[in-house]
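The values are calculated or read from the model by the stated rules, or taken from the named source; none is laboratory data. Note that the coordinates shown come from a computational prediction; the quantities given were computed from them, not determined experimentally. Cβ coordinates were reconstructed from backbone atoms using ideal geometry, including for glycine residues, and neighbour counts include every protein chain displayed.
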Amino acid sequence: MSSFQEVPSSANTLQTSNFAHVIFQNVAKSYLPNTHLECHYTLTQFIHPHQKDWVGIFKVGWSTARDYYTFLWSPMPENYVEGSTVNCVLTFQGYYLPNDDGEFYQFCYVTHKGEIRGASTPFQFRTSSPVEELLTMEDEGNSDMLVVTTKAGLLEFKIEKIIKEKEELLKVTSVLEKETAQLRDQVERLEKELNHEKQRCDQLQTEQKNNVQASEALKTEIDDLKKKHDEAASKVLQLEEDIMTVTQKAIAKETELDSLKDKLKKVVLEKEQLECVLKTEKDEKELYKIHLKNTEIENTKLVKEIQTFKNLDANKENMISYYKEEVGRLQLFIAEKENMKKAFFLSSSNKEDASILKEQLRKAEDQIQASKQEAVLMSKELSDAVNVRDKTMADLHSARLENEKLKKQLADALAELKKITTLKNEQETSNTVEQELRREVEDLKLRLQMAADHYKEKFKECQKLQKQVNKFTEQAKIAGHQQKLTDASNNETATAVVTDKKLSASPVSPISSDIVSEFMVKEQVREMNKEIAEKTEKYKKCKQMLAVSKWLLRKAEQKVAIGDKS
């Protein structure tokens, strides 16, 4: 009882409602020790009985469910309906009960969880006293009066009554002896008929033995068929599991194939877009190369022109310095002329010299004027050359910037080309995965074909077994018809057989045992028919699953074909 749970230390602390779940009926104030004790109790709708519930006898003042004196397991009610009220009875053996110790006891109903759900009123175990030997009984003549007597007087009265009943029984016995003599004569006549029936019964037993041998042969064949049927059933189950596995793999591969198809479409679309971008970049690259080449040629020309202009600048500067020197000389010459003119005017001695000097002065002035005009032209040419040089330098700077821009665009185009090459490699990888999926699809096709062939073989075996079972069923029907004829003949001799059992105990049990064995054979045949029907149904289901798998495989092939076209 170590598995019971502890309850509170005092019975008074338990909830009152728990004690009303089981009600103990007809509890006396005292019982005799060492005498069988019946305990009547009622299970209310508030308790659910359990096979480990028990009823114990506790000494008043108990504190836990372990404080029982003795106990009995509470039986589970037959045809129990949950929520109903059930009456139960337990009988405690006398040698397990307490002695006359003056203590008070009570019945307690304890559940399998160790909870006390019902308790009776207290009672004692006491031996009988002389006063307790007195009994009260109703007067047979007047029901309103009570007669007080002892147990001994009551027993004497009962003995006299039994003696009178015995005398009456002796009279009845004499009458029955006369009837027995008549029955003996009738028995002799029936014995003769019984001998005749025995001979007929022996003949029937011989036929029955033959039928038993045939039944044994049928049993052996049925056992063999059962073994074959079990083997076929196990193979069918294995094939069902294989088909389920193949179907799940096909569905998973189809899902994976759809995902790869979507990825492949996206990659192909990106590839086409990148090819268009690459083509555009290539065209722009070629244009940039041509433009760069033309720009380099122009730069070369500009460099040559700049060098030419630099040389011209140097020549111009030399000429300017030369003209500056000439201007200086002319200025000196003019100054001398002025001095000479002044001196001439001062001297004015020789007019001819003056005219010569005037002529020289005029020529000198013409030369100075020509030199000035040439100097103006040279400074204009120099200014134009400087402007051309500045413009050429600006064009050269623009060409350098454009060259840098073209180099950057060329680097971007090379990066795009590298990305497209990577995408091509990924596409080749996806093509490899697609080829592997195709190989797996072909493998699934082969396995499905093998499964279909195996199912055909099993279906043929099932048909063969069905034919054999039908054959055995017909044989069992014939044996049953013969058994019915045997039963009819046995019914005609039923009275004689019963009388013979009473007198000579003649055995006829082999016939009934053969009937039972024949009935068992019929039941086995019926069960085999039922199992074959179930296996046929399973075969149909497997066939449907095979058709679904083929449909899924066909769908996967169509998707692969569509992916190849795209």
* Structure fact -> Within segment 224-268, of all residues that are exposed (fewer than 12 other Cβ atoms within 10 Å of the Cβ) and closer than 13 Å to L552 by Cα, the one farthest from the chain's Cα centre (by Cα) is T255
* To do: Name, by its number, the condition in (1) free of Cβ contacts under 8 Å to residues at least 40 places away in the same chain; (2) over 30 Å from A556 (Cβ atoms); (3) among the charged types (D, E, K, R) that does not hold for D412.
  => (1)
* **Residue list for segment 61-90, filter: within 15 Å of V110 (Cβ to Cβ) and without any contact (Cβ under 8 Å) to a residue 12 or more places away in the chain** => D67
* Structure fact -> For segment 54-83, the count of residues that are among the hydrophobic types (A, V, I, L, M, F, W, C), outside any strand (DSSP E or B) and touching a Phe, Trp or Tyr at 6+ places or on another chain (Cβ under 9 Å) equals 3
* Give the residues of segment 14-60 that are more than 14 Å from T111 (Cα to Cα) and among the charged types (D, E, K, R), sorted by residue number. => K29, E38, K59
* Considering only segment 365-388, state which residues are loosely packed, with under 13 Cβ neighbours inside 10 Å and among the acidic types (D, E). => D366, D384
* Report, ordered by the first and then the second residue, all pairs with beta carbons closer than 9 Å, sequence separation of six or more or different chains, a first member in segment 210-236 that is closer than 14 Å to K467 by Cα, and a second member that is among the charged types (D, E, K, R) and buried (at least 18 other Cβ atoms within 10 Å of the Cβ). => H229/K535
* Matching entry among K301, K282, K316 (being surrounded by fewer than 15 Cβ atoms within 10 Å (Cβ to Cβ), at pLDDT below 85, over 59 Å from the mean Cα position of the chain (by Cα) and in a helix (DSSP H, G or I)) -> K301
